[in-house]
Amino acid sequence: MTPHMATLNRKYFVLVSLPVVSLITAVVMDDLALGQRFDHYAYDFFYRLEGPKPWVPESVILAIDESTLSRYGGQFGIRNAVADGLEKIAASRPAAVAVDVILADQGSPESDARLEHAFATTHNLVLASYLRPDGSWENPLPRFRKYAAAVGQVHAEFDKYDMVSRDLPLAKAAGPDRRWALGFDTFLAVKGLKITQESPDSVALGPLTIPTFSGEEHSIRILYAPPEMGGIPRISIAELDANPALAGRFAGKAVFAGETVQGRDSWMTPYSNLNSTPGIEMNASLYETLSRRFFPVDASALVVLAVAFALGALVAVAYAFGSVWVSNLTAAGVILASQLIPPAAFRNLVVWPWLPATLTSVFTVALAATWRHFAVTKDLARAEQQRERYQRAMQFVTHEMRTPLTAIQGSSELIGRYGSMPEAKRKQMADLINSESKRLARMIETFLSVERLSAGQMELKRERVGLPELVERCAERARPLAERKQIEIEIANMPGAAIAGDRELLEYAVYNLLTNAVKYSPSQTRVRVFGEDEKGDRVRLCVEDQGIGMDQKEVGRIFEKFYRTKRAEQSGEAGTGIGLSIVEQIVTQHGGSIHVQSAPGKGSRFTLVLKRAS
């Protein structure tokens, strides 16, 4: 694998792993109590930010407040208070009256009789029932119940993490006896609707479908009146007694009668700010929720995860391939987007959890920035090592060039100084100058080939090159070096195929592999060259030695310019570390590939996969 490919693989690993790790961490944290609390706080914030605007309520509260209790003798006078209030508003003809007072026990004969009479003259009366802790219903007395269009349950719930009530169950069951919420029954009575279909995630009322959650309980999120509305309109029975003209405000409205005393049947809401809301107002709020068709639904979990992953992946791409400015700007934009998505979704009645995308974005930015820091540090260290190797290579090349230059310079001076030099000596000097100048030219051409191949400026010749002839020619050139070390170069199983490419460059590649095999092998060993046809249009050529070998870390770097393994440097063999870089580029430019198998002390095998000539 080339260094460039290794770098790309690292970057692709970052692109996939960092968003995945960040997303998994975010999902795990979102499932914890702290994560749930953050999501609920975010819901409350977006509710206040993007929630409903003020509207004209269709309901009104007939309040039993502190002054009403005082006027009617406290808790024992509630039935008289409710009867009095209903009698005072009867003439205004309210659309329905829901009484949130549990009338399960008998009161005084006079108060019960008066209340029964008031119920008898009330249109669309809805009474309250309560689900006891033992799982049984606490119902109104039969004498009252017979006048009710429905008996609704007044069970409310709050979040266990922060005691805030954000939703209400439309239905509660005690065995086979199932009750709908007081506000829901009141809505059905006023609108003249009936339940036409029920599924685990919705309740259909004819043309109106209500999306719900929590299965058979059919919970829905509640629409609470914003602070600027001052809550659901509230008129106490004591105020009605003092000013009977207030009864006109109940005309055509859904009336909810119940206690509003602070601290008694009070609940926290997203608007509460530590001030509780009476239970009767929550029932009225449920009615307003249904009337206004305010039905926020949860965003799809798969969509949330997909968006969170996409944001994390965008950050990873920026840090893997972008500049510092691009990375930082992308990170800032992604984190900003993770904050804008939830309120934008809430504006369209979609509840988008705040934590997953936020944490995924933040974690990915942190991890990607950390990776970028270490990657840059590593690249700088590698660049410094390459610079040092380049300097050493230049020193070696300078030294190597000095030898032929000295020979050329010395021989030319001798020829010029001694005009009467014998012809044989003059010819010897001329031959020396010629050979050394060619040697110098080959050195220069080698370095130029590296740069031209790297820049893609070398135009390759396209010709048929016989593979056996190419290998034999390179072996003949390498045998003098091999014979000095008593190393045998064996050519075996060579296919008779021809390959397509530049003959000179291909010869350079094979010759380099052969001379490397000889240089880094001990005396009295063997270098074996063999090949085989592959399927398709490819042919394989292998150069195998019994030399010093390399470990896998070194194998991954041997095609870097000027890189030499420690064993190569310790062998005493001269080298620049650029030969294999040229070989790798020659093979790549020919549309082939090069593979290395090696182990310390067990030799190496270099395999060229080249394209067969058509």
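Quick note: the coordinates plus some simple rules give every number you see, no bench work behind them. These figures come from a predicted structure and were not determined experimentally. No Cβ is skipped: glycine too gets one built from the backbone with ideal geometry, and neighbour counts run over all protein chains shown.
Listing for the model above:
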quantity: Radius ratio Rg over Rh of the stretch 463-611, counting only Cα atoms, Kirkwood formula for Rh; calculated: 0.94
quantity: 20 Å Cα-Cα reach of Lys194 towards aspartates and glutamates, excluding residues that sit fewer than 8 places from it in its own chain; calculated: Glu58, Asp177, Asp185, Glu216, Glu217, Glu288
quantity: For the stretch 55-293, alpha-carbon Rg over 2.2 N^0.38 Å; calculated: 0.96
quantity: On Cα atoms only, tilt of 503-519 relative to the major axis of the chain in degrees; calculated: 80
quantity: 31 Å Cα-Cα threshold exceeded, pairs from Lys485/Lys553; Lys53/Lys191; Lys461/Lys566; Lys535/Lys566; Lys88/Lys172; Lys461/Lys485; calculated: Lys461/Lys566; Lys535/Lys566; Lys88/Lys172; Lys461/Lys485
quantity: Between helix 423-455 and the chain: long-axis angle, C-alpha atoms, 0 to 90°, nearest 10; calculated: 10
quantity: Cα-centre dipole for the chain with unit charges at Cβ (Lys and Arg positive, Asp and Glu negative), debye to 20; calculated: 2820
quantity: Cleavage-rule hits (trypsin sites (Lys or Arg not before Pro)) in the stretch 172-237: DSSP loop, at most 12 neighbouring Cβ within 10 angstrom; calculated: Lys194
quantity: With Cα atoms, 0 to 90° folded angle of helix 109-120 axis to the chain main axis; calculated: 70
quantity: Distance histogram for the chain (every C-alpha pair counted, 10 angstrom bins, percent rounded to whole numbers); calculated: 3, 12, 16, 12, 9, 8, 7, 7, 8, 7, 6, 3, 1, 1, 0, 0
